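The next block holds one structure in the form of structure tokens; read it before the comments.
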Amino acid sequence: MDLIQKNDYLWEIPKTGHMNVPGRIYSSSSMIDSVSKEEACKQVANVAELPGIVSASLAMPDIHWGYGFPIGGVAAFDWKEGVISPGGVGYDINCGVRLATSSLHVDDVQSRLEDLADDLYHGTPSGVGSTGSIKLSKKEVKKVLEQGSQWAASNGFGEELDIRRTEDHGCMDSADPEAVSERALERGTQQLGTLGSGNHFLELGMVEEIFDPDTAAKFGLFPGQITMMIHSGSRGLGYQICDDFLADLTRHARKSAYYLPDRQLAYAMIQSVQGRRYLSAMACAANYAWANRQIMMHRAEAVIMRTLGISPNTLSMQLLYDVCHNIAKKEEHMVENRKTWLCVHRKGATRSFPPGHPSLPEEYRTTGQPILIPGDMGTASYILAGTEKAMAETFGSTCHGAGRVLSRNAAKKASRGRAIQNELAEKGIIVRWTGRSTLAEEMPEAYKDITDVVDVVHGAGISRKVAKLRPLVVIKG
Amino acid sequence: MVNALKYRLTDHTADFGIQAFGKTMEQVFENAAFAISDLITDIHILQGVHSQPIFVTGDDRDDLMMNWLREILYLWNGMGLLVKQTSVKEVTESHLKADITYDFYDTDRHEIKNEIKAITYHQLEVNRNQDGWFANFILDV
């Protein structure tokens, strides 16, 4: 596919054929070659064919081949005349990341990391189909779907500060449990407060490097500080909702005989009954995911206090922020110099709102939104801040992680005969995991270098570097 | 490698690509279901003590495969059943009748190898080739 370089960090796929807008990929001269060979570029172009798309079909530097939309894709559709696509959100609706800070220094806990790893592993239900100790009736699941993080806080799993520092205050108000199938509800009864498997994790890390001392101070960060990061989503409930609506919308696509470059891109007009219904169900899954991460954080905090024998005041764990990276949202952006309501799909991309944006909590009004970018388990994670340039160029969006370069099969082959956990231990990273193949599939070489990805979004100005974290203890499903 | 004849993993960066084979249309549906079960657990230790019939419809052959695999996956994800074997009794372009055998999941006996979130429509294809039939599909894991 022809890619035209526009500047150091941006490549364009010209508008051809059925495309309504061009494609734009943020990358670097060292990464773009492998991107251009992948199916992912074709996927960027396919998304550009959907009705009502505005400006461009975008991809962040962690772009890789997905199904339907590329992973790392951002696409915005006119709220009145555009579409919403479940495949543009993904199966794991509101898969996302949260980061909590503490007042502990790495020197305070270095000798206790093995104990912390054991206790956090036992205290965090993880692995395939993991179920938690919270069993809910379907009636109670519906309350979680309506209230999100607030449900968790009301049931003793958090406080007001946590809610204020969660994207959308941990609740999308368009949620309507009546739009959710019995199958999805059933799957929601068993899995609240569970991590899941694959690339999901709970991680203790430390602040290794600070790039912007002023912003870092406002985020409450200091060198050597112990942090906790959680990456998880809406579990089986979210997968089921996506699958239910894809089944329905592909049937609809066939009946109405509209052109689709890929069945996985089946869509509904946002203003149609089906579109509204999907938005209501998607919001339910988003709320479930926020409650899920909130509960896991609260429980892990209790585990840390118990293991170290310290009080809440000594630990002082506070949520820095919680972001979603698989979502579609109603947002107002400037399109051709006019304020326009859009439906912004972020499929493996994170919101990057600038200083002064009204949806940010007071304490982040001068810094811009905190953005959390997890790397692979052997390297680093980054804390970034949102920018005006992101609003101007990417509908307030940036990357979400490292992005895979090796298939799971290739990673397993590459890890044969190696003990990944020992290699990580030599780097001072303690790992606990459940699944037999998880560690091999998630090995560091399976991912792009997170630093390369973050350097692109920083260089392009769609977010800016604040601090870098180094993993110490990683709990994997 | 008996499994090699039934299906193979194809390369996909983020997820599992599957190509299932069969001499007949019935067989390619059975082997596609086998691939799902084989990725979820060790089929050889399953006893298949329980059985039930399944009936699935679809708008076309691809859609039928999608709905069939959806049901197989839901038996595990939604109901906690591990499928040992499927036997397709009747299949057309738009409907399928099969019998399946399964075990109830037991944490002490069964190891779960992979979490499969869903079957995707991306590059889904069920077709004939010179050896019979093949089915391509991608699993979100």
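Please specify each residue of segment B:66-93 satisfying the condition of being under 29 Å from residue A:262 (Cβ atoms), within 12 Å of chain A (Cβ to nearest Cβ) and not aromatic (Phe, Trp, Tyr).
B:66, B:67, B:69, B:70, B:71, B:73, B:75, B:77, B:78 - these are the residues of segment B:66-93 that are under 29 Å from residue A:262 (Cβ atoms), within 12 Å of chain A (Cβ to nearest Cβ) and not aromatic (Phe, Trp, Tyr).
Only a single item in (1) of a type outside the set (D, E, K, R); (2) more than 24 Å from residue A:238 (Cβ to Cβ); (3) in a loop (DSSP other than H, G, I, E, B); (4) open to solvent by 10 Å² or more (accessible area, probe 1.4 Å) is not met by residue A:341, and it is number (3). Look at segment A:86-102: where a residue is at positive phi and within 14 Å of chain B (Cβ to nearest Cβ) and a partner is assigned to a strand (DSSP E or B) and open to solvent by 10 Å² or more (accessible area, probe 1.4 Å), sitting 6+ places away or on another chain with Cβ atoms under 6 Å, you get A:90/A:326. Looking at segment B:32-41, can you tell me whether even one residue there is free of Cβ contacts under 8 Å to residues at least 24 places away in the same chain and either within 13 Å of chain A (Cβ to nearest Cβ) or of a type in the set (D, E, K, R) (or both)? Checked against the condition, which is being free of Cβ contacts under 8 Å to residues at least 24 places away in the same chain and either within 13 Å of chain A (Cβ to nearest Cβ) or of a type in the set (D, E, K, R) (or both), segment B:32-41 yields no hits at all. Quickly run through segment B:1-19 and pick out the residues that are closer than 20 Å to residue B:101 by Cα and more than 14 Å from chain A (Cβ to nearest Cβ). B:2, B:6 - these are the residues of segment B:1-19 that are closer than 20 Å to residue B:101 by Cα and more than 14 Å from chain A (Cβ to nearest Cβ).
Okay, residues lined up against (1) within 25 Å of residue A:434 (Cβ to Cβ); (2) without any contact (Cβ under 8 Å) to a residue 24 or more places away in the chain:
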residue: B:70; (1), (2): no, no
residue: B:120; (1), (2): yes, no
residue: B:128; (1), (2): no, yes
residue: B:131; (1), (2): no, no
residue: B:136; (1), (2): no, no
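Segment A:111-179 holds no helices (runs of 4 or more DSSP H) entirely within its bounds that carry 2 or more residues that are within 21 Å of residue A:306 (Cβ to Cβ) and in contact with an Asp or Glu (Cβ under 6 Å, 6 or more places away or on another chain). Taking segment A:248-267 as the range and being within 7 Å of chain B (Cβ to nearest Cβ) and either within 25 Å of residue B:79 (Cα to Cα) or open to solvent by 10 Å² or more (accessible area, probe 1.4 Å) (or both) as the test, the residues that pass are A:250, A:251, A:254, A:262, A:263. When A:117, A:76 are checked against the criterion of being more than 18 Å from residue A:298 (Cβ to Cβ), crowded, with 22+ Cβ neighbours inside 10 Å and more than 14 Å from chain B (Cβ to nearest Cβ), A:76 stands alone in meeting it. Cβ-Cβ distances below 8 Å connect the following pairs, each with a first residue in segment A:229-251 that is over 19 Å from residue A:124 (Cβ atoms), a second residue that is part of a strand (DSSP E or B) and of a type in the set (Phe, Trp, Tyr), and a separation of six or more residues or different chains: A:246/B:121; A:250/B:121. Got at least one residue in segment A:93-102 being in a loop (DSSP other than H, G, I, E, B), of a type outside the set (S, T, N, Q), in contact with a His (Cβ under 9 Å, 6 or more places away or on another chain) and surrounded by 20 or more Cβ atoms within 10 Å (Cβ to Cβ)? Within segment A:93-102, one or more residues are in a loop (DSSP other than H, G, I, E, B), of a type outside the set (S, T, N, Q), in contact with a His (Cβ under 9 Å, 6 or more places away or on another chain) and surrounded by 20 or more Cβ atoms within 10 Å (Cβ to Cβ). Considered as a group, the residues in segment A:423-439 that are open to solvent by less than 30 Å² (accessible area, probe 1.4 Å) and within 22 Å of residue A:410 (Cβ to Cβ) include one that is farthest from the other protein chains (Cβ to nearest Cβ), and that residue is A:424. Among the residues of segment A:198-247, the ones that are within 14 Å of another protein chain (Cβ to nearest Cβ), open to solvent by 10 Å² or more (accessible area, probe 1.4 Å) and small (Gly, Ala, Ser) come to 2 in all.
Under the condition of being within 14 Å of chain B (Cβ to nearest Cβ) and either farther than 23 Å from residue A:236 by Cβ or surrounded by fewer than 24 Cβ atoms within 10 Å (Cβ to Cβ) (or both), the residues counted in segment A:268-295 number 0.
Among the listed residues A:411, A:390, A:402, identify the single one that is surrounded by 24 or more Cβ atoms within 10 Å (Cβ to Cβ) and in a helix (DSSP H, G or I).
A:390
Filtered by the rule that a residue be open to solvent by 30 Å² or more (accessible area, probe 1.4 Å) and within 14 Å of chain A (Cβ to nearest Cβ), segment B:94-116 gives B:94, B:104, B:105, B:106, B:107, B:111, B:113. Return the residue satisfying two criteria in turn: it lies in segment A:296-326 and is β-branched (Val, Ile, Thr) and assigned to a helix (DSSP H, G or I), and of such residues it is most open to solvent (accessible area, probe 1.4 Å). That would be A:314.
Contact map, segment A:406-418: first residue facing chain B (nearest Cβ under 10 Å) and of a type in the set (A, V, I, L, M, F, W, C), second residue assigned to a helix (DSSP H, G or I) and open to solvent by less than 20 Å² (accessible area, probe 1.4 Å), Cβ cut-off under 6 Å, separation 6 or more or different chains; pairs are A:406/A:446. Among the candidates B:136, B:127, the residue that is open to solvent by 20 Å² or more (accessible area, probe 1.4 Å), on the phi < 0 side of the Ramachandran plot, more than 8 Å from chain A (Cβ to nearest Cβ) and within 13 Å of the chain's Cα centre (by Cα) is uniquely B:136. Filter segment A:141-159 for residues that are farther than 15 Å from residue A:296 by Cβ and within 22 Å of the chain's Cα centre (by Cα); which is surrounded by the most Cβ atoms within 10 Å (Cβ to Cβ)? Only one residue fits best here, namely A:145.
Condition check for residue B:61 on (1) closer than 18 Å to residue B:133 by Cα; (2) out of contact with any Phe, Trp or Tyr (no Cβ under 9 Å at 6 or more places or on another chain); (3) crowded, with 18+ Cβ neighbours inside 10 Å; (4) within 11 Å of chain A (Cβ to nearest Cβ): one failure, at (4).
The values are calculated or read from the model by the stated rules, or taken from the named source; none is laboratory data. Being a predicted model, the structure only gives us computed values, none of them experimental. Virtual Cβ from ideal backbone geometry, glycine too; neighbours counted across all protein chains shown. Only protein heavy atoms, including side chains, enter the accessible area calculation; ligands, DNA and RNA are left aside. Shrake-Rupley method; radii C 1.70, N 1.55, O 1.52, S 1.80 Å.
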